[in-house]
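Okay, so here's the structure we're looking at.
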Amino acid sequence: MDAPSQTPVGAGAKSTAMAAFAAVTVLFFTWGFITSLIDPLVAAVKGIFTLSDAEAQLSASAYFIAYGLMSFPAAALIARFHSVPSILTALSTMVIGCLVMLAAANLAIYPLVLAGLFILASGVTILQVAANPLAAALGDPRRSHFRLTFSQTFNSFGTFLGPLIGAHLFLEGVEVKEGTVVTDAVRAQALAGIDAAYFWICGLILALVLFFWVSRRIVNEAVPPAPAGSHANMGDLIREAFSSRWALLGSLAIFLYVGAEVAIGTHMAFFLNSDAVWGQSDVPFGVPLLGWFMGSDGVSGVSLQEAGKAVAFYWGGAMVGRAIGSVLLARLSATRLLTTFTAIAALLCLYVALVGGVSAGFVALAIGLFNSIMFPVIFTLTLERSTARAEATSGLLCTAIVGGAAIPYLAGLLSDAVGYGMALVLPAACYVALCVFAVAAGRAPVRAVATGTTVH
């Protein structure tokens, strides 16, 4: 008599985990696209509402300050209700934020733009607190760096598309150089573009609500069971996170990384459009692919809209770098790769600040390539070394994304005072500090989460 056929042990669980990982990766794309729209939006509101650099950077501040205020409440929500209900709550909050943005565009009220961005980012915060550790957990713990970096590659694809679409919709005819005037017709067209963008984003998010409602069983089955006694209120999570030295160090690293990345991205269009870089040059239009995406308007020099489209290559560099990094991290030490990438990013910022010229525009765009692996590697290195549970550590790490509110505003003050190029000295200092973090992480013991022991 033939023996009954058997499914290999763990094959079903592995298949379910892969399906859940694919579903979570969709979320990474979504918040990447929404977040990178901030770059052309900052340029647009400066012209629409006649703002200084620092005032325009308040758009980034309103968005990223949500991480500082909402990450621990998000962690408490996830600890209590788990992944799928938290993801559905996050997406619903994002829909409300989009509706406020629609009202802001139609009423042309800048404070309402700031309110809409804060609400939208509050939903994204919950989403990110839930999705980052979830992506790291769905599979073999030894491959957590690979999975999170792979998901972040799709996040980067969203950040590549955001500036292209945002510049097309928000920046046609908008100029912010001294002496230029934004006409009522150009202002109305830019506001209509903002309205259109957030209308379609609202539709996309509603589709994701339906998607995750239908997929809730797949994700729930794949999530590793919570350890006994893992539930905690927000106060417990905060105390636990602040009791861990590596949770604090990792949060400082995330603060500096996000602040530097966002400061460069939100200033990039202004920097490239400046006469000292590409404002009076046609060289970028002769570069394959870059020139095609920028789409020359036939007028000599790079306009703000063309510069805004070029920002996509800053984020596109991160997309390419994460794809390459996913391969490299399967073979090389995460800490050594992080050390190398942060050192190179610091040097590129200093080149832009101290050398300048047309070449500095290309060098500035290249910084994105080396930003690529920083967030996922800092995140997973910290989770591995933190003595706090994943929910508490993730909550503190995502709180630290508030660096995207603080450092771009400081860079805006610098650019108002000394120019766009020299303002990159601030991100350069951030990358130097991150290099020190990477070296320290390479010397620190790794905690084995399953046993509570450490391995070197």
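Some points to look at:
- Against the chain, whose longest principal axis is taken from its Cα atoms, helix 390-399 shows a tilt of about 10°.
- Computed from Cα atoms, the angle from the helix 144-170 axis to the main principal axis of the chain rounds to 30 degrees.
- Ratio of Rg to Rh over segment 288-351 (Cα coordinates, Kirkwood Rh, two decimals): 1.13
- Along segment 195-204 the Karplus relation, 6.51 cos²θ - 1.76 cosθ + 1.60 evaluated at θ = phi - 60°, assigns HN-Hα couplings of 4, 5, 4, 6, 5, 6, 5, 4, x, 4 Hz to successive residues, with x for each Gly and Pro.
- Rough spin-label spacing in nm, given labels placed 7 Å along Cα→Cβ, for V214 and A429: 5.1
- Shown in residue order for segment 116-125 are the 3J(HN,Hα) couplings computed by the Karplus curve 6.51 cos²θ - 1.76 cosθ + 1.60 at θ = phi - 60°: x, 5, 5, 5, 4, 5, 4, x, 4, 4 Hz (x for Gly and Pro).
- Residue order, fewest to most beta carbons within 10 Å, for I205, I96, I373: I96, I205, I373
- With pairing defined as another cysteine C-beta under 4.7 Å, the cysteines of the chain that fail it are C349, C398, C430, C435.
- Rg/Rh (Cα only; Kirkwood hydrodynamic radius) as it applies to segment 222-370: 1.13
- Reported value for segment 21-86: 93 Å³ per residue, from the convex hull of its C-alpha atoms.
- Label-to-label distance, nm, for residues given as V418 and L354 (7 Å Cα→Cβ offset): 1.3
- Length gained when the stretch A103-R331 is fully extended (0.36 nm per residue, less Cα-Cα span): 77.1 nm
- Charge-dipole axis of the chain as Lys and Arg at +1 and Asp and Glu at -1 on Cβ define it, positive-most pick from F313, L365, F154: F154
- Gain on full stretching of the segment that runs from A440 to S300 - 0.36 nm per residue minus C-alpha separation: 45.5 nm
- Cβ-based net charge around T159, under 12 Å, with every Lys or Arg adding one and every Asp or Glu removing one: -1
- Proxy reagent accessibility, fewest Cβ within 10 Å first, across W213, W31: W213, W31
- Theoretical ellipticity at 222 nm over the chain - DSSP helices of four or more residues, -39500 (n - 2.57) apiece, nearest 500: -25500 deg cm²/dmol
- The label-point distance for A276 and L112, in a model that sets each label 7 Å from Cα toward Cβ, rounds to 3.8 nm.
All of the numbers you see were taken from the coordinates with simple rules; none came from a lab. Predicted, not measured: the structure shown is a model, and the values here were computed from it. Please note: Cβ atoms are built from the backbone with ideal geometry, for glycine as well, and neighbour counts cover all protein chains shown.
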